[in-house]
Every structure is written in C-alpha cells, then in structure tokens.
Amino acid sequence: MKLLILMLMLFSITNAQEIDSLLNEYETDSELSNKTKDESAGNLIVYTRDDLERMQAESLQDVLKSLRLFAYTENRMGQPDILNQDPMIYYSSSIRVYLDETELLTAMTGSGLILFGNMELDFIDHIEVYQGFPSFDFGIEPATVVIRLYSKTAEHDEGGRVKATLATNGKNKQNVYYTNIEDGVSYFIYANRTDDIKDTYEHQGQTLRRDTKTNRFYGSVGVENHTFNFHVMKSDGDAFMGAYIGNIPENTFKKNMFVNLSTSSKFMDDTLALNFSYIKTKNKVSYAYDAGKAPYFLPGTTSYLQEQEESSFTASLKKEWKLDTHTVSVGTQYRYKDFDMDNIEINSLVIPTNQAYDREDIYSLFIQDLISLNENNLVTLSVMDQEYIRNNNMKNQNTLQLRLGYIYTNREWVSKTFISSQQFATEPYMAMQNPDLEEQTYTSILQEVSYQTSQTLSKVILGYGINDKMIVDDGSGVRNSDITSALHLIIAEFTLHFSQKDKLELQANYWSFESPLEGGDDTEHHSYVARMLNSVSDFDIFNELVVHQGYSNTDTGYDYSAGVKYQVNKDFHINIKGENIFDTGLEADYMNQVIPYSSSNDSVYVPVTERRFTLGMEYLF
Amino acid sequence: MIKLLLILFLITTTWASDDKKASSIFNLIAKNITEKSSPNVYLHKGNSSLEKYPGNLNITTECAKADLVILSTTKDIPKECLEKILFGTRYSHLKNKDVVGSFFWQKGRPNILFYKQRLEEHKIKLDSSFDRYIEN
C-alpha cells in the first residue's frame, strides 16, 4: 500500500513538473523578442516582456538608467538627453527610437528621445537596444544607438487591462488597453494619463519645478500583413531652469503635441517591406523672469515665448533576397521634414527672426549583404548614403556610412566584430544656430565575445572610436571641433539563471572620452549594475543597484531600487516599488552662470531619479 | 548549415518551437480530460499548432466522433459539438459556460484555467498536477 501511495505521489509530482515546466518553456520560447531581435544588427540588449513585468519598469527611464555606457539624464529644460545636459546642443540626435516599425522622430532634433525618453511602458511588450553603430536596415538615417519598442499584441494580451499607480510624491498614472482578434482582424487600443510630480528645488531665490502631465492614445489595427497605427501624445509642464543661462526664470512652461499616422506592410513572403509614416509636432516654451534678472544673452527680457511646428513624412521600401550563401537587402527611403520656429515673442513683442531654412528632403539608399561563409561564420557588409537637400540656399549635405561585421558562433561561443565609419548630417536644431556646421564623422571598432552555458551567459565588449568634427558649444557659439576625440570602452557582463524564474545580472562598464573642447575635461565614466529577478509562488521580486562614477564630474551615485509584485488572482495584481530608496542615486549638476563662470555655489544638484515609492494595481478583464 | 546560421542571426524564427510546445501542452490537457492516450479531437475553426504537430491526438473532421472539441472561437459551434467537452484557447472563451477550461495568453504569459463546477458537470477528474489551474 505504501509503495502504491509513493508511486502515486511520484507520478503526481512528475506530472506537475511536466505541465509547469512545459508552460514555462512555452513562455520563454514564445517571447515576442525571439521573433524580432536581430543579433547581427549590433551589440544587442533585450528587455523581454518577462523582464519588464518583473522589473516593474514603468517608464523608458527605468530601463535607460542602467543602460551600459550611458546614463539617463535630462537637460536644463527637463528633456531626456542621454549624452548631454546643454540644451543648446542635442547630442542624443544619433539615438533613434522606434515604436514597432515607426521611428518616433522630431524633425528639429532628429531623435524622438527628447519627447519619448521617459515614456510610460504600459503598452510596450519588449525592448531591444542596439548599440555600437547598428545595422542600417533599421532606418533612413545613421545611428549610434537604436532603441526599438514593440507594442503589446492581441495574440499575447487578449482582453483588457486597467491600471493605476500612485507614488509618495504624488505622481500618479492611469491607463487602459483593450486588444482582440476577430475574423482575422487584430486591434489594440490604449489610453494613458500621467501626472509626473517631482520635488522642487530652491536656487538663487527661485523655485525650480519639473512636473509634467502627459496624455497618450495609441491604436493599431492589423489585417494579414498590413498594420495601421495611430499615436497621439500631449504633454505640458515645467521647463525646469529654461534653456538660457545667466538667471533663473521665476516661472517656466513647456507644451508638446505629437501626432503620428503610420502603416507597415509586408509582401512576397515577408521579403518586401513597405512603411509610411507622417508626424506632426507642435512645441511651445515660455519663461517669465523677474525684472533685472534677464538671461545673459537676452538682456531686459521679462517674458519669453517660442512656438515651433514640425512635420515629417517618411516612406521606406526594403527588399531581401536569399541567394545561395548571401542574404542581400536593398532599401530606399525618402523623408521630408519641415519646421517653423519663427514665432518668438520677447516681452510680448514679436521678434523678427531669419530662419535659415524650413524644409529638408532626405534621400537614402542602403545595400547590405550577409554572407554565410560556413556553419559558424558570417560576414556582413553594408553601405548607406544620404542626400540632404535644403531650401533657402542652405548648404546641402551628403553623408556616407560603411559597416563591416564578422560573427562567429558555435554552441557556446559567439564573437561579433563590427568596424564602422559613419557620417552624421547636421540636424536642423543645430544648423539653425550655425549654418556652416559640417558633417560629424564617427569611426569605431567593437569586439564582443560571449560564452553561454545552460545557466550562465558571460559577455565582454571592447571598443575604440574616434569622433571628428563633433559639434561643441564653447560659449562663443556652436561650431565643429578641431579636435579628434577618442573613445575607449570596456564592458563585462555576467548573467546567472539559478532557476527558471530566478536570475542575477551583473555589469561593469568603463568608458573614457576625450573632450572635443580645447582645454576641456576628459570624461572617465564607470558604471556597475547588479540586478536580481526572483519569482516565488505568486510573488515577483526585483532588486537593482545601479552605480555611476565619474559621470559629468558629479559624485558617485548609488541607486538602489526594489519591488514586489503580487498576483492576487488571474485578474488582479498589485505591486509596490521603491526607486532610489536611499536617496543616494546619481545627481545631475546644473549650472546657471556658465558665462561668466561665477562660483561653485552656482550649481544645483538634482537627482536624476528621485526617491519614490509607488503602489500600483492592475485589473484584467 | 546555412539555415542554422540564418536562424541564429537573421530574424530569429521560433514559431516551429512555439507550435511544438503548444501542441505538447494541448496533448497533456486532452489526455487528462479524456483519460485516453490518443483521444479524438475536433478543431473548431482550426488550430495551427495541432494541425502542424498533432502529437498523440487523432484529429477528426467529424465532431460526432470527437472526445474533445478545441475551439478557436465560440461562434458558430456546430450542434453536434455542443454535446461534447469543449475546451477554449482564449480567456474570453470561458464566458461560455459550456467550455470546461482554456489554454490562453494573458499579460504576456501562457495560462491554463479550469472551473471546478464545469469539470464536475462533465464528470472530469484531472490529476492533481492540474490542481493549481482549477478555480472555483
């Protein structure tokens, strides 16, 4: 009898393991990121749906703050800018952000990061980040980093969800989505409202604020191989210190409106892709200054208002052929951008401006060949060229990019080598300030080696690059630097899956960058990340420590965040998360008086991620 | 060989593996519901995983011969199927009280859910490995 009971128990345990482990394996194999990621396209970081859920990643900032090599920060106007804080120069223009097949673009800056760098992630399934001058077939213009966001799908999220979060400083967010497939038509609709309330900072007799309210609607409809997307975002809030140095405004305001219509279609067994996208953006910024406390370059100003309108249209066509050992891709793309930033009022008087140009047409062509030398070796060759045609006799530009990659793989080892030389055209925002700016050239070599076992993944990346004619602002204006700046980077990563639902990730990153400014300080930036994701019964537990040392010459930041998510039942989930729990995370140093430099007391130090505890609830229906 | 590289480095396609895993799960569920090692299964409006990889299931085109009906939709279910055990593939299929359980995606994760009362009505006794997937 005892033997029989023992056998029954063993049978029961085996079956339980079988169905549980089958479900877990099915979930891992079916991750949408497995179907979209492209390992040959660059040095890839994937945040799967499971990662984002268990990390409780509420916004893109939560992901970017631990991104290797960079540190998420915001400029003086409270706008996301990974590489820089000076709003006169937007260095993040080479960081391209995509939502599904559509580039989230702002025509002036060239990158959507400025508007979407801290976008909420409640409608996003997974994220892929391609670093190291990624493949050209992503988009019309070159990039140093490509961030691809993929929205949720009816296949994996059928039904609806309402979610609300409330944080200790008052930040609150509410959103709802519904998705379904009926008669071969899939649709996804999503609406969100975020009231991002942040601490205020007293400086030189003024109160600095950076609150933002954002409303978003996103909808997509898919029929067979065609998808139509509609995306509207409206935000308004404070502009923190404002763009201008010298004195701090008594009050600031900024407002953005973004509308995007896009379609993507695939034909001929998915080897031909045709995408269209139209974007309209309106931006408004205003500052009020106390009498006698005008900004340095605008003496006598008590009120400043600027409105901008931008639009862009992009059409791209890509065809892929598989010919014996070659996979050849050819793409042609066209984009027009127009922009109007003429509407400036100072002290309520319209100021006549002379906008150098207001339209840019970009024609782009790329060809890429992936050559399978044998079972283990792959070579990729890519060439891309753009012609930038501008109106009003503005100087046109032609830019060329070359990329050579070699990839070796076997069951355990993967080696990726990428050599690239890329020219970047001057974005309108910079060209307006100096029409004579020339193309910047980035040349780099990156070597990645990874070793995988059943439970571990170890990775080392080494990189060296030189940047020519970088755009700098030395106080006398925006210009190309005469200095060739060298960049060195070393990355080491280790991931341990100590069970199917428990993993530990460790990262150590170092990069040094020679200043493109004469006599400027070189940067040596170290960052370290330790992240642990655990699941116990119906609880998902998240712990993360992000350390930044040497970034922008600020003190070392130790940002410890942790969270727990509890599945009360299939339909109801609650979560609590603490960010920068010990309030020791990275701070950004904002200076008011840059010219003439006054004193060290002029700096205001602001946490990039404020200490905050968030309670969230979501209900599925 | 070339295919191996393309799978690794081009757009990585794992549909085949997905379908095989999904089929294994359907097989285990069908075996438990019907208590047969090779049950007859009718697929209402198709099922890509089971059509490609039926495993031990006998896919029948006649509902009358089926031990189990797996639904892609709850619309237009043939009359002769309504007397059979119905199993869903979406959470919303459980709104139909004739559906005993469902294997579906929710919140980016695959789920299995049975309702106890419905199992009892059909005198279905699942083995204890499914206990955590049964709700009252």
Q: Filter region B:82-115 for residues that are surrounded by fewer than 19 Cβ atoms within 10 Å (Cβ to Cβ) and over 24 Å from residue A:158 (Cα atoms) and give the result.
A: B:82, B:83
Q) Do you know which residues across region A:337-355 are within 33 Å of the chain's Cα centre (by Cα), of a type outside the set (S, T, N, Q) and surrounded by fewer than 17 Cβ atoms within 10 Å (Cβ to Cβ)? A) A:340, A:342, A:344, A:345
**Q.** Criterion violated by residue B:53 - all others in (1) within 14 Å of chain A (Cβ to nearest Cβ); (2) more than 30 Å from residue A:33 (Cβ to Cβ); (3) open to solvent by 30 Å² or more (accessible area, probe 1.4 Å) satisfied
**A.** (2)
(Q) Every residue in region A:435-474 that is open to solvent by less than 30 Å² (accessible area, probe 1.4 Å) and not in a strand (DSSP E or B), please. (A) A:437, A:470
Q | residue B:67, sole failed condition from (1) buried (at least 19 other Cβ atoms within 10 Å of the Cβ); (2) among the charged types (D, E, K, R); (3) facing chain A (nearest Cβ under 10 Å) | A | (3)
**Q.** Restricting region A:345-361 to residues that are part of a strand (DSSP E or B) and without any contact (Cβ under 8 Å) to a residue 40 or more places away in the chain, the residue that is nearest to the other protein chains (Cβ to nearest Cβ)
**A.** A:361
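Which residue out of A:372, A:316 is away from every other protein chain (no Cβ under 14 Å), open to solvent by less than 70 Å² (accessible area, probe 1.4 Å) and hydroxyl-bearing (Ser, Thr, Tyr)? Spell out how you get there, then give the answer.
Values: A:372 fails: away from every other protein chain (no Cβ under 14 Å).
Checking each option against the conditions leaves just A:316.
Inspect region A:196-203 for any residue being in contact (Cβ under 8 Å) with a residue 12 or more places away in the chain and closer than 30 Å to residue B:75 by Cβ and give the result as yes or no. Please lay out each step first, then the result.
Filtering region A:196-203 for residues in contact (Cβ under 8 Å) with a residue 12 or more places away in the chain gives A:196-199, A:201, A:203.
Still in the running and closer than 30 Å to residue B:75 by Cβ: none.
Checking region A:196-203: not a single residue is in contact (Cβ under 8 Å) with a residue 12 or more places away in the chain and closer than 30 Å to residue B:75 by Cβ.
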Q | Criterion violated by residue A:137 - all others in (1) open to solvent by 10 Å² or more (accessible area, probe 1.4 Å); (2) of a type in the set (Asp, Glu); (3) at pLDDT 90 or above satisfied | A | (3)
Q. Where residues in region A:144-166 are away from every other protein chain (no Cβ under 14 Å) and open to solvent by 10 Å² or more (accessible area, probe 1.4 Å), which of them is nearest to the chain's Cα centre (by Cα)?
A. A:144
Q) Any idea which of (1) modelled with pLDDT of 95 or more; (2) under 30 Å from residue A:290 (Cβ atoms) is the one residue A:190 doesn't satisfy? A) (2)
(Q) Residue under question is residue A:281, and the condition is that it be open to solvent by less than 40 Å² (accessible area, probe 1.4 Å) and within 14 Å of chain B (Cβ to nearest Cβ); does it hold? (A) no
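Could you tell me whether residue B:76 is in contact (Cβ under 8 Å) with a residue 40 or more places away in the chain and surrounded by fewer than 18 Cβ atoms within 10 Å (Cβ to Cβ)?
Details: in contact (Cβ under 8 Å) with a residue 40 or more places away in the chain: no; surrounded by fewer than 18 Cβ atoms within 10 Å (Cβ to Cβ): yes.
Spelling it out, it is not the case that residue B:76 is in contact (Cβ under 8 Å) with a residue 40 or more places away in the chain and surrounded by fewer than 18 Cβ atoms within 10 Å (Cβ to Cβ).
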Q | Filter result (in contact with a Gly (Cβ under 7 Å, 6 or more places away or on another chain), modelled with pLDDT of 90 or more and outside any helix (DSSP H, G or I)) within region A:12-68 | A | A:56
Q: Output the residues belonging to region A:19-33 that are at the interface with chain B (Cβ under 7 Å from one of its Cβ atoms) and open to solvent by 30 Å² or more (accessible area, probe 1.4 Å).
A: A:25, A:29
Q) For residues in region A:518-540 being crowded, with 16+ Cβ neighbours inside 10 Å and hydrophobic (A, V, I, L, M, F, W, C), which is farthest from residue A:603 (Cα to Cα)? A) A:533
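The values are calculated or read from the model by the stated rules, or taken from the named source; none is laboratory data. Because the structure is predicted, anything quoted here is derived from the model rather than measured. We place every Cβ from the backbone using ideal geometry, glycine too, and count neighbours over all the protein chains shown. We work out accessible area using only protein heavy atoms, side chains counted, and drop any ligands, DNA or RNA first. Shrake-Rupley method; radii C 1.70, N 1.55, O 1.52, S 1.80 Å.
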